[in-house]
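Asker: To start, I am sharing the structure in question, which I have written as structure tokens.
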Amino acid sequence: MFAIGEASRRSGVGIETIRYYEREGIVPRPERSANGRRVYSTEAIGLLKFLKNCRSLGFSLADAKALLDLSGSARSDCDAVLDVSKRHLRAIGEKIAELRKLEAALEELTANCSAGNTECPMLDTLRRS
């Protein structure tokens, strides 16, 4: 059994994030030691690592919780996991498309800039928008 600081270090999840996950019911509340401090099992730290891995891949907290629930079921539901994953991939594709549009717009604005001007075309464009 580990204190919250050690659970944080071992899982890579910040202490305040661990407390948030507990308050929101994303992970079970830990047991308490005789002095009232939270104590975490190796299994609880594994759940925190799982959530950290999901979040590192950009899954929303709701999707990470859904995947965590699916991973804890007696029989993993690969179809449900696949649905969550495909939905996330579509969202990433949409974000990439948006970022490419932003990149093109910023490149165009930047290309209009020329050193030494007293007036900046980029700032003028931004003021008009």
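The values are calculated or read from the model by the stated rules, or taken from the named source; none is laboratory data. Just so it is clear, the model here is predicted, and its values are computed rather than measured. Quick reminder, even Gly has a Cβ in these numbers, built from the backbone with ideal geometry, and neighbours come from all protein chains shown.
Asker: What single numbered condition from (1) at pLDDT 80 or above; (2) over 31 Å from the mean Cα position of the chain (by Cα) fails to hold for D83?
Answerer: (2) is the only condition that D83 fails.
Asker: Something else: Taking the conditions exactly as written (assigned to a helix (DSSP H, G or I), exposed (fewer than 11 other Cβ atoms within 10 Å of the Cβ) and not aromatic (F, W, Y)), does R55 satisfy them or not? Break it down stepwise before answering.
Answerer: On the way: assigned to a helix (DSSP H, G or I): yes; exposed (fewer than 11 other Cβ atoms within 10 Å of the Cβ): no; not aromatic (F, W, Y): yes.
When the stated conditions are applied, R55 does not pass them.
Asker: Is region 20-43 home to any residue that is surrounded by 14 or more Cβ atoms within 10 Å (Cβ to Cβ), within 16 Å of the chain's Cα centre (by Cα) and without any contact (Cβ under 8 Å) to a residue 12 or more places away in the chain?
Answerer: yes
Asker: What pairs can you find where one residue is in region 93-113 and farther than 15 Å from D124 by Cβ, the other is surrounded by 10 or more Cβ atoms within 10 Å (Cβ to Cβ), and their Cβ atoms are less than 6 Å apart, with a gap of 6+ or different chains?
Answerer: Within 6 Å, no pair qualifies.
Asker: Among the residues of region 115-129, which ones are modelled with pLDDT under 75, part of a helix (DSSP H, G or I) and among the charged types (D, E, K, R)?
Answerer: D124
Asker: So if I check each of E103, E98, E43, E107, which one is at pLDDT below 90 and assigned to a helix (DSSP H, G or I)? Explain how you work it out, then say what you get.
Answerer: Numbers: E103 fails: at pLDDT below 90; E98 fails: at pLDDT below 90; E43 fails: at pLDDT below 90.
Answer to the check: E107.
Asker: Can you tell me which residues in region 1-19 are assigned to a loop (DSSP other than H, G, I, E, B) and either buried (at least 18 other Cβ atoms within 10 Å of the Cβ) or touching a strand residue (DSSP E or B) at 6+ places or on another chain (Cβ under 9 Å) (or both)? Walk me through how you get there before you give the answer.
Answerer: In the first step, residues of region 1-19 are kept if they are assigned to a loop (DSSP other than H, G, I, E, B); the result is 1, 3, 12-14.
M1, A3, V13, listed by residue number.
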